[in-house]
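Here's the structure, in C-alpha coordinates; my notes come after.
The values are calculated or read from the model by the stated rules, or taken from the named source; none is laboratory data. Keep in mind that what you see is a predicted model, and the values were worked out from it rather than measured. Neighbour counts run over all protein chains shown; Cβ positions are idealised from the backbone, glycine included. Side chains included, ligands, DNA and RNA excluded: accessible areas come from the protein's heavy atoms. Shrake-Rupley method; radii C 1.70, N 1.55, O 1.52, S 1.80 Å.
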Amino acid sequence: MVAPERRLHSVVEAAGILNVGRSTAFEEIRLGRLRTVRVGRRRLVPTEYVDEYVELLKREAQAAA
(Lines give C-alpha, C1' and ligand atoms only; values in the text may rest on other atoms or scores of the structure.)
Protein backbone atom coordinates (compact mmCIF):
# COMPACT_ATOMS: atom_id res chain seq x y z
CA MET A 1 0.00 0.00 0.00
CA VAL A 2 1.34 3.44 -0.97
CA ALA A 3 1.32 6.11 1.72
CA PRO A 4 -0.95 9.07 0.93
CA GLU A 5 0.69 12.30 -0.20
CA ARG A 6 1.31 14.75 2.62
CA ARG A 7 -1.13 17.65 2.62
CA LEU A 8 0.42 19.85 5.33
CA HIS A 9 4.03 21.04 5.34
CA SER A 10 6.12 22.89 7.87
CA VAL A 11 7.22 26.36 6.77
CA VAL A 12 10.75 25.03 6.21
CA GLU A 13 9.42 22.15 4.08
CA ALA A 14 7.23 24.56 2.09
CA ALA A 15 10.27 26.78 1.54
CA GLY A 16 12.10 23.75 0.15
CA ILE A 17 9.20 22.89 -2.15
CA LEU A 18 9.16 26.49 -3.39
CA ASN A 19 12.96 26.61 -3.65
CA VAL A 20 13.19 29.72 -1.48
CA GLY A 21 14.97 30.29 1.79
CA ARG A 22 13.41 29.97 5.23
CA SER A 23 13.59 33.74 5.81
CA THR A 24 11.89 34.45 2.49
CA ALA A 25 9.09 32.01 3.33
CA PHE A 26 8.47 33.64 6.71
CA GLU A 27 8.55 37.10 5.12
CA GLU A 28 5.98 36.05 2.51
CA ILE A 29 3.81 34.70 5.34
CA ARG A 30 4.19 37.97 7.24
CA LEU A 31 3.12 39.88 4.12
CA GLY A 32 0.08 37.60 3.68
CA ARG A 33 1.27 36.32 0.31
CA LEU A 34 1.86 32.73 1.51
CA ARG A 35 -1.04 31.57 3.67
CA THR A 36 -0.78 29.11 6.55
CA VAL A 37 -2.96 27.30 9.07
CA ARG A 38 -2.37 26.78 12.78
CA VAL A 39 -2.47 23.32 14.31
CA GLY A 40 -1.89 23.79 18.00
CA ARG A 41 1.22 25.95 18.19
CA ARG A 42 2.52 24.86 14.79
CA ARG A 43 2.19 26.94 11.64
CA LEU A 44 1.68 24.67 8.61
CA VAL A 45 1.30 25.31 4.89
CA PRO A 46 -1.33 23.20 3.12
CA THR A 47 -0.35 21.94 -0.33
CA GLU A 48 -3.10 24.03 -1.95
CA TYR A 49 -1.63 27.20 -0.39
CA VAL A 50 1.75 26.34 -1.90
CA ASP A 51 0.02 26.01 -5.29
CA GLU A 52 -1.87 29.27 -4.68
CA TYR A 53 1.42 31.07 -3.97
CA VAL A 54 2.97 29.73 -7.18
CA GLU A 55 -0.04 31.02 -9.13
CA LEU A 56 0.39 34.44 -7.47
CA LEU A 57 4.02 34.53 -8.58
CA LYS A 58 3.01 33.59 -12.12
CA ARG A 59 0.38 36.35 -12.26
CA GLU A 60 2.92 38.89 -10.99
CA ALA A 61 5.45 37.78 -13.60
CA GLN A 62 2.86 38.14 -16.39
CA ALA A 63 1.84 41.60 -15.15
CA ALA A 64 5.49 42.73 -15.10
CA ALA A 65 6.11 41.53 -18.67
(request) Rounded to the nearest 500, what is the 222 nm mean residue ellipticity of the chain from helices alone, with -39500 (n - 2.57) per DSSP H run of 4+ residues and division by all residues? (result) -16500 deg cm²/dmol
(request) Keeping the other protein chains in place, figure out the carbon and sulfur percent of the accessible area of the chain, with a 1.4 Å probe. (result) 54
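Mind giving me the FRET efficiency for Lys58 and Val37? R0 is 35 Å, r the Cβ-Cβ distance, nearest 0.05 is fine.
0.95
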(message) Please compute the per residue accessible area over the chain with all protein chains in place, 1.4 Å probe, rounded to a whole number of Å².
(response) 75
(message) With an 8 Å Cα cut-off and a minimum separation of 6 or more residues, compute the relative contact order for the chain in percent.
(response) 32
(message) Mean-square fluctuation check for the chain, GNM, Cα pairs under 10 Å: which of Gly32, Gly40, Gly16 is largest?
(response) Gly40
